[in-house]
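The numbers here are math on the coordinates, done by the rules we state, and not lab data. All figures in this text were calculated on a predicted structure; none of them were measured in a lab. All Cβ positions, even for glycine, are placed from backbone atoms using ideal geometry, and neighbour counts span all protein chains on display.
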Amino acid sequence: MFNLKSKKMKKLILIFPLILFSLATELTAQKISEGVYLSAKDFTINKISFINQADKRYKLRLGEAFNNSKIKIIKGDSVIKLNKESVFGYRDKKNNCYRFYNKAEYQIINPSEKILMYSKSELEGGFRSTHKVTHYFFSENANSPIYALTKWNLKAVFYKDVSFLELLDVYFDSDNQLTAYDSINKIYTLNRVYELSKPSSTAVK
């Protein structure tokens, strides 16, 4: 009898942390606010409009299948329509951020960093050799134009920032290296290099 109770207690001890982990994961998921960034400023200060409230029916429709120029938001009994050209972008239920620019949609892969970096996947190739290719882009900030992520374009945009341009050649030999991630400092290497180019920055650890 004692051994039986002991085994049950051991099972409870093992299961209890799993229950707590599941609850924590669920609460974290609920905190993600799916919605729209009305402006670049709203994105910068992380202000979401027309958010998903758990107690109401909610759908964020982008009209991608028909290349629709409008966002349709179903919130409770209300339907809101916004022109994509009039808003900055949106955040989805998986906490991914996107920006609308020149009638195209770009995923922002580093929302909290200085130089914003974007990815955009497209199908390329012929009928029998179709494959998905991901291209990368950047903008000086949330309110700036988007350019292909190349050393040439970075030097054109940051032409006044001599220290940064010098470090670009030191840290990156090719354009393909510009998407590297610094796992130690938890930041994309491009932005780490930008930080190091500033007078207040310290040497690489």
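Could the peptides 141-149, 76-84 be put in order, highest first, of the mean number of other beta-carbon atoms found within 10 Å of their residues? Kindly include the intermediate steps, with their values, before the conclusion.
On the way: 141-149: 14.6, 76-84: 11.9.
Ranked from most to least packed, the peptides come out as 141-149, 76-84.
What order, most packed first, do the peptides 172-183, 105-116 have when packing is the mean number of other Cβ atoms within 10 Å of each residue?
For the peptides 172-183, 105-116, the packing ranking is 105-116, 172-183.
Determine the gain in length on full extension of the stretch residue 61-residue 86; use 0.36 nm per residue of separation and subtract their C-alpha separation, reporting nm with one decimal. Working shown, then result.
Values: separation 25, 0.36 × 25 = 9.00 nm, distance 1.60 nm.
Length gained between residue 61 and residue 86: 7.4 nm.
Convert each backbone phi in the range 88-104 into a coupling constant with the Karplus relation 6.51 cos²θ - 1.76 cosθ + 1.60 (shift: θ = phi - 60°), then list the ³J(HN,Hα) values in order as whole Hz, x for Gly and Pro.
6, x, 7, 10, 8, 5, 9, 6, 8, 9, 9, 10, 8, 8, 6, 6, 10
How far is the Cα center of the range 74-139 from the Cα center of the range 148-205, in Å?
24
Within 10 Å, count the other beta carbons around each residue, average over each peptide in 159-166, 92-99, and list them highest first.
Going from most to least packed, we get 92-99, 159-166.
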